[in-house]
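The structure under discussion appears below in the form of structure tokens.
Since every read-out is calculated from the coordinates, none of them should be taken as a lab result. Quick caveat, the model's predicted, so the values are computed rather than measured. Quick reminder, even Gly has a Cβ in these numbers, built from the backbone with ideal geometry, and neighbours come from all protein chains shown.
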Amino acid sequence: MANLLSPDSKVMTGINKVVDMIWMSVLWCLFCLPVVWIFYALSTIAAFGGDPDAYIEIYRTAFGTDPASNAEVIGLMVSETYYILLIEMLVKGILIGPATSALYYTMVKVIRRERGYATKTFFHGFKVNFKTGAPTSLIFVIFGILMFVDFRYVDAVAAENPTFSNVLNIALMVVCIFVLLILVWIFPLLSRFTISVKALFKNAMLISIRHFIGSFILAGGMVLIFWILYRFAGDMASILILFPFILPAGIALLSSFIIEPVLKRYTGGSNQSSSSESDEGGENTEDPAQTGSKEGSGDNECIVEGEEVSSVDEWYNE
């Protein structure tokens, strides 16, 4: 029994990993989700529960008719807080990339490799990935807004020109699928390498094409998860409310089992060449101070399809 409760036992190690995953999911949600808007929305719903008749009367006055259900009244109340949602999402839109990269980095290093501490690793990853991750996030946010506007336009012209609407709808779906296949590699690549925005997109696109099956599984799995959340949100409300506390870290961890073997293929070669040069020359004469690092030392170069990507953490190749 004493062995089971030992800090180094498998049981305690497993419990610590679960706690770390929950904490990392909460951190990710705080950085990426509209927490302020959610608070306002929940407060609005609570207010309706305290005095539903007053809000039903407001609805009746605004529309001149009785609501079909309480959900319509709540929807009207919540819609008044959408400006808060818009402002918060514009601010947090630039944080999604660095936070997602930091989450993935923590899952691989702390949970799978058992190196370092979760909170320290997460904030370190967030800091070093912010310069590239922020503009990358902004690009995806702008893309999402454009797609939203385009799909609304398609719906608007559907009645007048259904053929054109169907063709445009298919074209937009193809674009979204292509971008999603790239998206699943963007932030894992950023978490591993020091890389420019241009090189990040180029390499993510090349890897998504070269490893299409893995990309399809990752993208399809994420779409399936969010579809289930959307489809069964009403029926599983008591269970789904717990998902933000484990789902982000769980997705990152499960994705790493597909992503990591692929990324290893693009780092092993440089390590081997560095080792052979060191063995042949007797010692490595490279100045460590000239080698960029997310951890501060011991990085190697990685080249993906001719595009140089520098600075991969030393622990990653151990």
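Annotation: the residues Ile56, Ile170, Ile228, Ile96, sorted from fewest to most other C-beta atoms within 10 Å of their own C-beta, follow the order Ile170, Ile228, Ile56, Ile96.
Contact order, relative form, for the stretch 94-258: 27 percent (alpha carbon pairs under 8 Å, 6 or more residues apart, mean separation divided by residue count). Highest-first packing order for the peptide set 245-257, 14-26 is 245-257, 14-26, based on the mean count of other beta carbon atoms within 10 Å. The residue list Ala134, Leu218, Leu183 was ranked by how far each Cα lies along the charge dipole of the stretch 94-258 toward its positive end, using unit charges on Cβ atoms, and Ala134 comes out on top. The fewest-to-most ranking of Thr65, Thr132 by surrounding Cβ atoms within 10 Å reads Thr65, Thr132.
Restricting the calculation to Cα atoms, every distinct pair contributes to the Kirkwood radius of the stretch 94-258, found to be 17.5 Å.
The charge dipole of the stretch 94-258, taken about its Cα centre with unit charges on the Cβ atoms of Lys, Arg (+1), Asp and Glu (-1) only, comes to about 960 debye.
Here the extension length gained between Cys176 and Phe148 equals 9.0 nm, from 0.36 nm per residue of separation less the Cα-Cα distance. Ordered by the number of other Cβ atoms lying within 10 Å of each residue's own Cβ, fewest first, Val108, Val262 fall into the sequence Val262, Val108.
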